[in-house]
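Just so it is clear, none of the values below were taken in a lab; they were calculated from the coordinates. Not measured: the values here are computed from a predicted model. When we count neighbours, we look across all protein chains shown, and the Cβ atoms used for this are built from the backbone with ideal geometry, even at glycine.
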């Protein structure tokens, strides 16, 4: 869910990148978006340990789907890296899954990406994101989401709507969406069950013409 990322199912372990990759900061992908408190760039296989450290938290996983594992192991991180470095937006060669990184160290703090809809909803993407506990309350996620949705609208001219969905009780993520310009549109009542708890799902939307950063 949009807590922080609804993501398509990662590949099986056999598709995971090796864990013995060594790299330097100079080898990492260049920033696509540079902000005062974070940078957004493509994910690199060497990011897996940092992803694992940031994601391995019951608090981070609480409002995510089951696809976001808890505990979150290095193998889970490697599987996600394998997916994120291969998934392209439908009909393009564009990789839309980004790492949210510390601007000083280039270390991964979280992730952000889109999930494509199809058929009559092919003009819409669902946006998902997550960020480690150590980065909460610093405005990083809001800044990253605002910049990312601008990039999505500029990069994919056929997309006229983005959607974010949030589990009941996840006020922090709802605030992030609203601060990024998303509008609360309604509640899907009792639409989710996680660990036996029935929850509503709150739906937020952002239209191209509502994205203030495009104006």
Legend entry - Gyration tensor (alpha-carbon) shape descriptor, the range 102-215, a/c threshold 1.5: oblate
Inset, instruction - For the range 79-119, go through all pairs of different Cα atoms, get the mean of 1/r, take its inverse, and jot down that Kirkwood value in Å. - result: 11.5 Å
Legend entry - Square roots of five times the Cα gyration tensor eigenvalues for the chain, Å: 25, 21, 17
Inset, instruction - Give me the distance in nm between label points sitting 7 Å out from Cα along the Cα-to-Cβ direction at residue 192 and residue 94, one decimal. - result: 2.7 nm
